[in-house]
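Working notes, structure below.
The values are calculated or read from the model by the stated rules, or taken from the named source; none is laboratory data. What you see is a predicted model, and the numbers here were worked out from it, not measured in a lab. Reconstructed Cβ throughout: ideal geometry from the backbone, glycine too, with neighbour counts over all protein chains shown.
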Amino acid sequence: MRKMLGPAKAADEIEIITGGPLAVAVLAEIHAQCFEEPWDAAALASLLSLPGALALLASTLGREATPEVKPLGFVLLRAVADEAEILSLAVRPEARRRGHGRRLLRAAVEAARLAGAARLFLEVAEDNRPALALYSSESFAEIGRRREYYHRAGAGLTALVLTKTVMSTPERNGD
């Protein structure tokens, strides 16, 4: 299933598209390139089967996300009631520092807003400076910490819990 959330804004013609069931293998491949404890295709399929779950992919030239097409990155989010959470955001190592993560993050904010969420949450490792800089520049604020939430090289890492208001209460209620 393909659904555009907005026109491509970059000169390299990157579009944000939704990832359907065929995209699970690609999501797992990207996740494995980006995280020490990657989620496999079955775990990602399980997450995507939950109500309110959505995968958005950064893709070139609007091509459908299939195992043959190699999207540059993805964001996985879930919206429930008036809250949404980014479950994972990943960009292939060779495609980083080109604005793809920012485009995916902005698309996730818009998807959360369209789903009726007032706030969007995420967790990020406290030592992930590039991600922290991105989230800060997009007005996410720290609201908590989770000790030893992540594990890297056998050591526990603290996750920072961040949030951003994506819709004011009157808008959410249709006023």
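Considering only segment 113-150, state which residues are aliphatic (A, V, I, L, M) and surrounded by fewer than 15 Cβ atoms within 10 Å (Cβ to Cβ). Walk me through how you get there before you give the answer.
Applying the first criterion (aliphatic (A, V, I, L, M)) to segment 113-150 yields 114-115, 117-118, 120, 122, 124-125, 131-134, 141, 143.
Correct list: Leu114, Ala133, Ala141, Ile143.
Which of the residues belonging to segment 96-112 are crowded, with 18+ Cβ neighbours inside 10 Å and in contact with a helix residue (DSSP H, G or I) (Cβ under 9 Å, 6 or more places away or on another chain)?
The answer is Gly101, Leu105.
Could you please find all residues in segment 130-175 being under 23 Å from Pro93 (Cβ atoms), of a type in the set (D, E, K, R), in a strand (DSSP E or B) and modelled with pLDDT of 95 or more?
None - no residue of segment 130-175 is under 23 Å from Pro93 (Cβ atoms), of a type in the set (D, E, K, R), in a strand (DSSP E or B) and modelled with pLDDT of 95 or more, so the list stays empty.
Select from segment 118-129 the residues that are over 16 Å from Glu148 (Cα atoms) and more than 15 Å from the chain's Cα centre (by Cα) and list them in ascending order.
Once the filter is applied, which keeps residues that are over 16 Å from Glu148 (Cα atoms) and more than 15 Å from the chain's Cα centre (by Cα), segment 118-129 yields Ala118, Arg129.
Would you pick out the residues in segment 100-135 that are more than 21 Å from Phe35 (Cβ to Cβ) and touching an Asp or Glu at 6+ places or on another chain (Cβ under 9 Å)?
Initial filter on segment 100-135 (more than 21 Å from Phe35 (Cβ to Cβ)): 106, 109-119.
Within segment 100-135, Arg106, Val109, Ala112, Arg113, Gly116, Ala117, Ala118, Arg119 qualify.
Looking at segment 129-148, I want the residues that are closer than 16 Å to Val166 by Cα and have a partner that is surrounded by 12 or more Cβ atoms within 10 Å (Cβ to Cβ) and hydroxyl-bearing (Ser, Thr, Tyr) with Cβ atoms under 8 Å, at least 6 apart or on another chain. Which pairs are those?
Listed by first residue and then by second, the contacts come to Phe140/Thr163; Ala141/Thr163; Ile143/Thr163.
For the condition surrounded by 18 or more Cβ atoms within 10 Å (Cβ to Cβ), hydrophobic (A, V, I, L, M, F, W, C), touching a residue at least 12 places away in the same chain (Cβ under 8 Å) and closer than 18 Å to Glu36 by Cα, what is the one hit in Ala90, Ala84? Lay out the reasoning, then the answer.
Values: Ala84 fails: closer than 18 Å to Glu36 by Cα.
Exactly one of Ala90, Ala84 is surrounded by 18 or more Cβ atoms within 10 Å (Cβ to Cβ), hydrophobic (A, V, I, L, M, F, W, C), touching a residue at least 12 places away in the same chain (Cβ under 8 Å) and closer than 18 Å to Glu36 by Cα, namely Ala90.
Would you point out the residue of segment 48-57, among those that are surrounded by fewer than 19 Cβ atoms within 10 Å (Cβ to Cβ) and among the hydrophobic types (A, V, I, L, M, F, W, C), that is farthest from Ser88 (Cα to Cα)?
So in segment 48-57, the residues surrounded by fewer than 19 Cβ atoms within 10 Å (Cβ to Cβ) come out as 49-53.
Subset that is among the hydrophobic types (A, V, I, L, M, F, W, C): 50, 53.
Values: Leu50: 15, Ala53: 12 Å.
Among those residues, the one meeting the criterion is Leu50.
From (1) under 18 Å from Leu48 (Cβ atoms); (2) touching a Leu at 6+ places or on another chain (Cβ under 7 Å), pick out the condition that doesn't hold for Ala115.
It is condition (2) that Ala115 fails.
So Leu104 fits all but one of (1) under 25 Å from Ile17 (Cα atoms); (2) assigned to a strand (DSSP E or B); what number is the exception?
Of the numbered conditions (1) under 25 Å from Ile17 (Cα atoms); (2) assigned to a strand (DSSP E or B), the odd one out for Leu104 is (2).
Are any residues in segment 18-36 over 12 Å from Ala90 (Cα atoms) and not hydrophobic (A, V, I, L, M, F, W, C), and if so, which ones? Spell out the reasoning first.
Taking segment 18-36 first, the residues over 12 Å from Ala90 (Cα atoms) are 18-25, 36.
Within segment 18-36, Thr18, Gly19, Gly20, Pro21, Glu36 qualify.
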